[in-house]
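The values are calculated or read from the model by the stated rules, or taken from the named source; none is laboratory data. Note that this is a predicted model, so its numbers are computed, not measured. When we count neighbours, we look across all protein chains shown, and the Cβ atoms used for this are built from the backbone with ideal geometry, even at glycine. We work out accessible area using only protein heavy atoms, side chains counted, and drop any ligands, DNA or RNA first. Shrake-Rupley method; radii C 1.70, N 1.55, O 1.52, S 1.80 Å.
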Number of protein chains: 4
Amino acid sequence: PALHTMVKMVTMLNFMKVELGETKTLRSKEQWRAAGAEFIGTLLFVFLGCGSVVATGILDSKMTAARLVAIALAHGLAITFLAGATGAISGGHLNPAVTLAFVVAGKESLLRAGLYVGSQIFGGIFGALFLKWCTPESMRGTLGSHDVNPLIYGSQAFLMELILTFVLIFVIFGVAVDRRGPGVIAPIPIGFAVVVDHLVGVPFTGASMNPARSFGPAIVSGAFGTQHLLYWAAPGFGATLASALYRYVFLEPAEAALA
Amino acid sequence: PALHTMVKMVTMLNFMKVELGETKTLRSKEQWRAAGAEFIGTLLFVFLGCGSVVATGILDSKMTAARLVAIALAHGLAITFLAGATGAISGGHLNPAVTLAFVVAGKESLLRAGLYVGSQIFGGIFGALFLKWCTPESMRGTLGSHDVNPLIYGSQAFLMELILTFVLIFVIFGVAVDRRGPGVIAPIPIGFAVVVDHLVGVPFTGASMNPARSFGPAIVSGAFGTQHLLYWAAPGFGATLASALYRYVFLEPAEAALA
Amino acid sequence: PALHTMVKMVTMLNFMKVELGETKTLRSKEQWRAAGAEFIGTLLFVFLGCGSVVATGILDSKMTAARLVAIALAHGLAITFLAGATGAISGGHLNPAVTLAFVVAGKESLLRAGLYVGSQIFGGIFGALFLKWCTPESMRGTLGSHDVNPLIYGSQAFLMELILTFVLIFVIFGVAVDRRGPGVIAPIPIGFAVVVDHLVGVPFTGASMNPARSFGPAIVSGAFGTQHLLYWAAPGFGATLASALYRYVFLEPAEAALA
Amino acid sequence: PALHTMVKMVTMLNFMKVELGETKTLRSKEQWRAAGAEFIGTLLFVFLGCGSVVATGILDSKMTAARLVAIALAHGLAITFLAGATGAISGGHLNPAVTLAFVVAGKESLLRAGLYVGSQIFGGIFGALFLKWCTPESMRGTLGSHDVNPLIYGSQAFLMELILTFVLIFVIFGVAVDRRGPGVIAPIPIGFAVVVDHLVGVPFTGASMNPARSFGPAIVSGAFGTQHLLYWAAPGFGATLASALYRYVFLEPAEAALA
Ligand SMILES: [Ca+2]
Ligand SMILES: [Ca+2]
Ligand SMILES: [Ca+2]
Ligand SMILES: [Ca+2]
């Protein structure tokens, strides 16, 4: 039965035109440069995103609307400039859920995706580490780790993170993958999607949409929260859903075939 | 007399070059894809817009300037990225008032407009439903439903919504319909118009400018407020006024004729 | 001596290549369309700008940093989308100080400038009137009229308004007039200049930079403040200074000559 | 040994392809125009940045999240429009750390860099002076001078400023220097980097990233703080690190050679 399952999975991957990639990819200098950009970009994103949570926590000890605006702008505008700065080198994913979406759409090979996701996760850890090194223990709290609001159900938190990630991936496909979209300004609407996702999601789940953003501060501060796995599963589902929908429904047939 | 009225209306529609459209439109795959984009785009807009009202209501229980900024940014930046993401597929209306404006300008047939408005209204309902499913009853209030400030007259509320919608439609025509406008960045000024309309209108009418945004949470939460019809009539008037003005006064004769 | 002064002024205008313009200008349909765009654009700018002051005054009765952010975003983002929407029709001045700057740079004739300034002033009055009609007397205060902080000297207020206007005009010339600038995104940095000018100037002078924005609510509410003339003189000086500096120092000789 | 050190430094500069520049540069009109743009741009940046600290200090006497948002937007959006306005004239550095980064990348000669840095420092001083002249003594505090939070170690402050500057320079290279980046919108992500750096750094170090911004108000108000040199050294290190990394790792070999 295990063999049977594997055969079925390979058939499905084949049907979806997911490519394994060739191992020579890992010997290409350009691939490692792209991985480096993902590492640095995610490091800076986690440093700045978590840093805004810690910094504003010094000013307003509980969450307020003003603090929410600061945190949302920090995460979202950081995506605008970091995805803008690394876009030409690596595509500027900076998020395992984004890389997964590209795999599902047949636009990234599994091997390269593995390299990217590894770089993003290590980037997230080092981003949190640098933040720890910059801030005194009395101020740093859990380094901006995510946790689910205790007043909401796990299923509600899961649906919230799934939808927020769906928003992000849908926008990335509409403005950057789809060649008919407003390509040149793409980092701006993508960053704005992250701003608004935070304005909605922070009081419920912290608004992750990005396992590397959730994992880095959790492992460095030890604050994994009550439902850490949710920050991997819900973005994964949301990204898969948005990517498959956009590819099979909205991408022009010619472009989808190109993938 | 009913016949007489109908003849007069048809004559007027003919004079305005409003097209009925051909029923074969409804058999085109592209039309349904556009309707799907309007459905998903409006769903996400209502989820995020109403979501920001609910989320910030958890932090600051009454309306404050900080909460106003969060709500305004959520609605406006969402229009930037959702209109940007669906623009190439459906035109990114996401609002029955916008579709009406295109009909009045002779740039959308009545049949296609009906398809769009239906998709937007259903999108708004599902957006509010998903928000309900994500949030505990104790926190969700009226799901961000609009209501008129009890201290202002109905006529003042009507004029406010009319002007705010006029602003939105005037900007859409100036930056996106008019070919002389700054086309490539268009989703940014259009989203900014929604931000500013909220900064002005929220304390008076909630700043709808969009019947789908008003109707979705009202039907799901049951909170239709005291003057729900105003959120259909005032945006309708404002959109018609701005569209007709831009078409007959500002569009270049050649382009207006093309419509 | 009056004759002598007039001769001197005409000589100076001639030296600066300021053009009187031909009266047939006033018979051109395009000129009146441009004047109409200036009227509507300034009307909406004053409605939204003053509206944000009134609306946030309902929420936070005294000025707070959060309210300042809301007011600054409302004025600045409104300039982005209104200048963006009217740019192709009239140039999107929406401000007598901007029109003056173009006259000083020899890029607008005196006759057309008069038409523009008149349209802007009437636009400002009607913007304040519409705001009055939308808002109950108990809430509308002075309709967002400007006044100088009683703790600062008139000379300090004058210098503040002069510098804030200098910033605006310098940016307009750098990003929109100078052909080497980032033309296509120009309405965004110009709007951002208005945002930041407000973040600095509101607690001192209200941050006008625009006589039409100051005059409209003052005449409608009767609240001319203690130093209304300052809102004409200081922007006038600041605009003249920035325009002359940019033209004679920074514009490429070829382009300056073209003016 | 002094001679030996000098020989070693020259060798290193040669290896890095840093160019001394030719003295005839200083006789070129274009160079002085560029220096003038750096002077005015930095003057206005310091006036507006420090001005936002002073202005919001009148409203909220201690630092709050709302005030942080105002200060961050003021500094960051000012960089967007001032770098946008001076970009075609001088490159829009407005910051000695940015000029240093260009020297390290071999894209600016030492002589021209000296001219720029001098202009920026004088610009910063005059920006602070104009702010002093506009504001009453009772309100102006230390004119927005930077100081390190007494609860954090000097090494933490140093690392914080180094990383914040690294972010800024990395983004400048990714979006403006690298020809594959999103050139036309570059001033927007660069300004956003300054916004987010402030949202993170203000409660710790004030978020300078720019010695001219730190030096101007310090010399005018006399408030050099406890660790003024940090505001020169840390941005210097951060800029050097980001520039060298981007040049040797991410710039395409052909483009790096061009430098
Ligand atoms: Ca493929
Ligand atoms: Ca038609
Ligand atoms: Ca001329
Ligand atoms: Ca060189």
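Residues in region D:69-100 that are in contact with a Ser or Thr (Cβ under 6 Å, 6 or more places away or on another chain) and free of Cβ contacts under 8 Å to residues at least 60 places away in the same chain were compared, and the one that is farthest from the other protein chains (Cβ to nearest Cβ) is D:His93. Scanning region B:204-223 for residues that are open to solvent by 20 Å² or more (accessible area, probe 1.4 Å) and touching a Gly at 6+ places or on another chain (Cβ under 6 Å) yields one hit, B:Phe215.
With respect to the conditions (1) assigned to a loop (DSSP other than H, G, I, E, B); (2) modelled with pLDDT under 95, C:Val184 lacks only one, and its number is (1). Put simply, of D:Glu30, D:Glu38 the only residue that is buried (at least 23 other Cβ atoms within 10 Å of the Cβ), part of a helix (DSSP H, G or I) and either charged (D, E, K, R) or modelled with pLDDT under 95 (or both) is D:Glu38. Selection over region A:43-61 of residues that are more than 7 Å from every other protein chain (Cβ to nearest Cβ) and under 16 Å from D:Ala193 (Cβ atoms) gives a count of 4. Please verify whether A:Gly127 is more than 16 Å from ligand 2 (Cβ to nearest atom), within 13 Å of chain D (Cβ to nearest Cβ) and open to solvent by less than 30 Å² (accessible area, probe 1.4 Å), treating the condition exactly as stated. So A:Gly127 passes the test. Each residue in region D:187-219 was checked for being under 19 Å from A:Ala72 (Cβ atoms) and in a helix (DSSP H, G or I), and 15 of them qualify.
The residue that is farthest from the chain's Cα centre (by Cα), counting only those in region D:167-185 that are surrounded by fewer than 24 Cβ atoms within 10 Å (Cβ to Cβ) and more than 8 Å from chain A (Cβ to nearest Cβ), is D:Arg179. One residue stands out in region B:64-90 among those that are open to solvent by 10 Å² or more (accessible area, probe 1.4 Å) and under 13 Å from the mean Cα position of the chain (by Cα): the one that is farthest from ligand 2 (Cβ to nearest atom), namely B:Ile79. Taking region C:229-254 as the range and being open to solvent by 40 Å² or more (accessible area, probe 1.4 Å) and among the charged types (D, E, K, R) as the test, only C:Glu252 passes.
A quick yes/no check of all residues on (1) acidic (Asp, Glu); (2) more than 24 Å from D:Phe192 (Cβ to Cβ):
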position: A:Asp147; (1), (2): yes, yes
position: A:Ser155; (1), (2): no, yes
position: A:Leu168; (1), (2): no, no
position: A:Gly181; (1), (2): no, no
position: A:Phe192; (1), (2): no, no
position: A:Asp197; (1), (2): yes, no
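On inspection, C:Gly114 fails the criterion of being crowded, with 23+ Cβ neighbours inside 10 Å and farther than 26 Å from D:Leu44 by Cβ.
Out of everything in region D:133-158 that is in contact with a Pro (Cβ under 9 Å, 6 or more places away or on another chain) and over 30 Å from A:Phe130 (Cβ atoms), what residue ends up being farthest from the other protein chains (Cβ to nearest Cβ)? Out of the qualifying residues, it is D:Leu143. Being modelled with pLDDT under 95 and over 30 Å from D:Val184 (Cβ atoms) holds for only one residue in B:Ser214, B:Ser138, B:Ser208, B:Ser145, and it is B:Ser138. Any residue at all in region D:226-237 that is within 12 Å of chain A (Cβ to nearest Cβ), without any contact (Cβ under 8 Å) to a residue 60 or more places away in the chain and touching an Asp or Glu at 6+ places or on another chain (Cβ under 9 Å)? No. Residue pairs whose Cβ atoms lie under 8 Å apart, sitting 6 or more positions apart in sequence or on different chains, and linking a residue in region B:188-200 that is touching a residue at least 24 places away in the same chain (Cβ under 8 Å) to a partner that is buried (at least 24 other Cβ atoms within 10 Å of the Cβ) and not in a helix (DSSP H, G or I), are B:Val194/B:Met209; B:Asp197/B:Ala207; B:Asp197/B:Met209; B:His198/B:Ala207; B:Val200/B:Ala207. Taking (1) buried (at least 24 other Cβ atoms within 10 Å of the Cβ); (2) not in a helix (DSSP H, G or I) in turn, A:Thr226 satisfies each apart from (1). Residue selection: C:Phe166 fails the criterion of being touching a Phe, Trp or Tyr at 6+ places or on another chain (Cβ under 6 Å) and at pLDDT 95 or above.
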